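Accompanying notes for the structure given below.
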Amino acid sequence: MTSIQGQTANLSGSQFENEVGKRLQNVGLEYETQVKFTNIYGSNMAKIDIYVPLINLYIECKNQNVGGSVDEKVPFVVENLKNIVAKDDSAKAMIVFGGTHWNGTRGKKIVKWAKTQCNCEHLNAFYLDEFENFLSHQNG
């Protein structure tokens, strides 16, 4: 049984993915959505939200306006992204955070944790405005 709240969260997440995609298009980067990859549990049916072939960039989008289960998924996402860049030294990966939840006390702690885990050349965690800054330095 799917709850109304769950449907709203999925729609909001899809809208955020579309927003990230628009930012990529604005700088001339084409992208694919829901691209299969092998996750840390060995499942090759997992999907990453956005993949940008030109710069070999994997993006997971996390949008949240209230506290909830997305918080608990962040460490799993981080480990999957670490795994992607470990297997391909030319790959880049990142989480992009959107929504008001990430600006609250708990959300800021989670984003801070993600940034400490993803703080290297090939792995990052960004708020949407920071993602735009990253894009402004890409050659598309």
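Only the coordinates and a few stated rules stand behind these numbers; no lab work does. In this text, all values refer to a predicted model and were calculated from it rather than measured experimentally. With ideal geometry, Cβ positions are generated from the backbone for all residues, glycine too; neighbour counts draw on all protein chains shown.
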### Task
Please report, in Å, the Rg and the Dmax of the chain, where both are computed over Cα atoms only.
14.4, 45
### Task
Could you let me know the centre-to-centre spacing of the range 73-122 and the range 50-65, using Cα atoms, in angstrom?
11 Å
### Query
Quick one: if the Förster radius is 25 Å, what FRET efficiency do E130 and K36 give, using the C-beta to C-beta distance and rounding to 0.05?
0.35
### Query
Relative contact order for the chain: what is it in percent, counting Cα pairs under 8 Å that are at least 6 residues apart?
21 percent
### Task
Can you tell me the relative contact order of the range 12-76? Whole percent, Cα pairs under 8 Å, sequence separation 6 or more.
29 percent
### the range 33-72: projected area of the alpha-carbon convex hull, averaged over directions, in nm²
3.7 nm²
### Distance in nm between pseudo-label sites at E72 and A46 (7 Å out along the Cβ direction from Cα)
1.8 nm
